[in-house]
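Heads up, the thing below is written out as structure tokens.
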Amino acid sequence: MLRKLVQGVLVFSFLISVQAWAGNDPSIKGDLRGNIHNAMSKFIDNHTVNGKVYLYDSVKGNLLKLKFDNLHDGIVKKGGFYVSCADFVDQNNRKIDIDFLVVPKGNELLATQALIHSVDGSKRKYHLEEL
């Protein structure tokens, strides 16, 4: 019984560590990492009106009024985009995790799109790998 419990804990710990790594590519570092986060911050700043970012939820068919909370540290590369997230809180006090798509534009990086990644921890799928 104890052996099975220990095995279960080890498997769970392994899965948690794999998931944590999957959300952050360690080869993206230094100035590149900072510039990706700067592009996200600019996007948020440029789309904030009266303290809110307005984002249409095409799955639910309603407009979200989002208050910015914080940027995530993790960055990955998917389908030609750098992708990182930020946490927001909507008008119904739900935690909304937004993914930002960042691409090179000349000598800078530009966040071009914001996608809903999860609502109160419930993930939504979107596919960039085929691009």
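Could you grab me the full set of residues in segment 85-111 that are in contact with a helix residue (DSSP H, G or I) (Cβ under 7 Å, 6 or more places away or on another chain) and of a type in the set (A, V, I, L, M)?
ALA86, VAL102, LEU109, LEU110, ALA111
Does VAL102 satisfy the condition of being touching a Ser or Thr at 6+ places or on another chain (Cβ under 8 Å) and in contact (Cβ under 8 Å) with a residue 40 or more places away in the chain? Walk me through how you get there before you give the answer.
Working: touching a Ser or Thr at 6+ places or on another chain (Cβ under 8 Å): yes; in contact (Cβ under 8 Å) with a residue 40 or more places away in the chain: yes.
In short, yes.
Please determine whether any residue of segment 37-55 is of a type in the set (A, V, I, L, M) and loosely packed, with under 11 Cβ neighbours inside 10 Å.
Start the filter on segment 37-55 by keeping residues that are of a type in the set (A, V, I, L, M), which leaves 39-40, 44, 49, 53, 55.
If we keep only those that are loosely packed, with under 11 Cβ neighbours inside 10 Å too, we end up with 49.
Within segment 37-55, one or more residues are of a type in the set (A, V, I, L, M) and loosely packed, with under 11 Cβ neighbours inside 10 Å.
Conditions tested, residue by residue: (1) under 28 Å from ASP31 (Cα atoms); (2) in contact (Cβ under 8 Å) with a residue 24 or more places away in the chain; (3) not small (Gly, Ala, Ser).
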site	(1), (2), (3)
THR48	yes, no, yes
TYR54	no, no, yes
ASN62	no, no, yes
LYS67	yes, no, yes
ASN70	yes, no, yes
ASP90	no, yes, yes
ASN93	no, no, yes
ALA114	yes, yes, no
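Mind checking whether some residue in segment 72-79 is free of Cβ contacts under 8 Å to residues at least 24 places away in the same chain and either touching a Lys or Arg at 6+ places or on another chain (Cβ under 7 Å) or closer than 14 Å to LEU55 by Cβ (or both)? Give the steps one after another, and end with the answer.
First, the residues of segment 72-79 that are free of Cβ contacts under 8 Å to residues at least 24 places away in the same chain: none.
No, segment 72-79 contains no residue that is free of Cβ contacts under 8 Å to residues at least 24 places away in the same chain and either touching a Lys or Arg at 6+ places or on another chain (Cβ under 7 Å) or closer than 14 Å to LEU55 by Cβ (or both).
Restricting attention to segment 94-131, which residues are closer than 16 Å to LEU64 by Cβ, hydrophobic (A, V, I, L, M, F, W, C) and outside any strand (DSSP E or B)?
Residues satisfying the conditions do not exist here.
Can you work out which of the residues in segment 27-59 that are part of a loop (DSSP other than H, G, I, E, B) and either within 18 Å of LEU101 (Cα to Cα) or among the small types (Gly, Ala, Ser) (or both) is farthest from the chain's Cα centre (by Cα)? Full working, then the answer.
Pass one, segment 27-59, residues part of a loop (DSSP other than H, G, I, E, B): 27-29, 47, 50-51, 58-59.
The next check asks that each one be either within 18 Å of LEU101 (Cα to Cα) or among the small types (Gly, Ala, Ser) (or both); those that pass are 27-29, 47, 51, 58.
On the way: SER27: 18, ILE28: 15, LYS29: 17, HIS47: 17, GLY51: 20, SER58: 18 Å.
Out of the qualifying residues, it is GLY51.
Starting from residues that are surrounded by 15 or more Cβ atoms within 10 Å (Cβ to Cβ), farther than 13 Å from ILE116 by Cα and of a type outside the set (A, V, I, L, M, F, W, C), keep the ones in segment 68-96 and report whichever is modelled with the lowest pLDDT.
LYS78
The values are calculated or read from the model by the stated rules, or taken from the named source; none is laboratory data. The structure displayed is predicted, hence computed values, not measured ones. For neighbour counting, all protein chains shown are included, and Cβ atoms are generated from backbone atoms with ideal geometry for every residue, glycine included.
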